[in-house]
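> I have a structure here, written as structure tokens, and I will follow up with some questions on it.
The values are calculated or read from the model by the stated rules, or taken from the named source; none is laboratory data. Keep in mind the model is a prediction, meaning the values are calculated, not measured. Reconstructed Cβ throughout: ideal geometry from the backbone, glycine too, with neighbour counts over all protein chains shown. The accessibility values were calculated without ligands, DNA or RNA, using every heavy atom of the protein model including side chains. Shrake-Rupley method; radii C 1.70, N 1.55, O 1.52, S 1.80 Å.
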Amino acid sequence: PDYLQNFVDTVKSPYVGYLAINNLKVDDNFDRYEKFGKRLQNELGGNAPLVQEFNQIMKANASVKKTSIGSEAPDFALANTDGKEVKFSDLRGKLVLLDFWASWCRPCRKENPNVVRIYEKYKSKGFEVFSVSLDRSKDKWMQAIQKDKLTWDGHVSALQQWKCPVAAQYGVKSIPKTFLIDKEGKIIAKNLRGPALEKKVSEILGS
């Protein structure tokens, strides 16, 4: 990815750059996409087919801008397992992993032991997990929490699967999907898992 990012930033041909940037995730490179879009506009003009096509990509990913790295994490409130509405911003002041998952998502379930291990290691230093489930069945959701030993308090769901308003708010189109949010409520990383997540948490809170 580093090589490809550098290539997109330095390639002279906008057409070659367009082919290259499409191999980078918009989610992790939104600023780069915006910059490249301005370049296309300047070099080819607003009516060029390539520019129009690129604009459609940006339009389809508009929600990503709100959750780009450095942005303030959008606040929301959802019901927890007891049916009580919980606000995400109540965790302000802690380092928080916002984790979108579901009981039916195999990669999510496979990653859960890593999250549990990191949570147990760093919770005393101010690390929290806030899990947004894209389940539809409350029973299956709660069974998965228990089976995977997800002991943190932050479990919420709209029980609407992909129609979850918070998933739309955060531009979530696949799971697992994570956002690491600092004590000031800023998004500082996305999609960190396993060793990469632990390394980042360790850098911030100390090993």
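> Quick check on this structure: which one of 85, 34 is of a type in the set (Asp, Glu), closer than 28 Å to residue 123 by Cβ and within 24 Å of the chain's Cα centre (by Cα)?
85 is the lone residue from the list that is of a type in the set (Asp, Glu), closer than 28 Å to residue 123 by Cβ and within 24 Å of the chain's Cα centre (by Cα).
> Within the bounds of the stretch 93-100, is there any residue that is of a type in the set (A, V, I, L, M, F, W, C), modelled with pLDDT of 95 or more, outside any strand (DSSP E or B) and crowded, with 18+ Cβ neighbours inside 10 Å?
For the stretch 93-100, residues of a type in the set (A, V, I, L, M, F, W, C), modelled with pLDDT of 95 or more, outside any strand (DSSP E or B) and crowded, with 18+ Cβ neighbours inside 10 Å: absent.
> Residue 68 passes all but one of (1) closer than 30 Å to residue 18 by Cβ; (2) part of a helix (DSSP H, G or I); (3) open to solvent by less than 50 Å² (accessible area, probe 1.4 Å); (4) not basic (Lys, Arg); which number fails?
With respect to (1) closer than 30 Å to residue 18 by Cβ; (2) part of a helix (DSSP H, G or I); (3) open to solvent by less than 50 Å² (accessible area, probe 1.4 Å); (4) not basic (Lys, Arg), residue 68 is out only on (2).
> Same structure again: For the stretch 107-142, name all the residues that are over 23 Å from residue 76 (Cα atoms) and aromatic (Phe, Trp, Tyr).
Matches in the stretch 107-142: 122 only.
> Quick one: which of 77, 73 is among the hydrophobic types (A, V, I, L, M, F, W, C), at pLDDT 90 or above and within 22 Å of residue 192 (Cβ to Cβ)?
Among 77, 73, only 73 is among the hydrophobic types (A, V, I, L, M, F, W, C), at pLDDT 90 or above and within 22 Å of residue 192 (Cβ to Cβ).
> Shifting gears a bit: Please enumerate the residues belonging to the stretch 101-126 that are assigned to a loop (DSSP other than H, G, I, E, B), touching a residue at least 40 places away in the same chain (Cβ under 8 Å) and more than 18 Å from residue 202 (Cβ to Cβ).
102, 103, 105
> Now a separate question. Would you call residue 174 among the hydroxyl-bearing types (Ser, Thr, Tyr), buried (at least 19 other Cβ atoms within 10 Å of the Cβ) and either outside any helix (DSSP H, G or I) or at pLDDT 95 or above (or both)?
no
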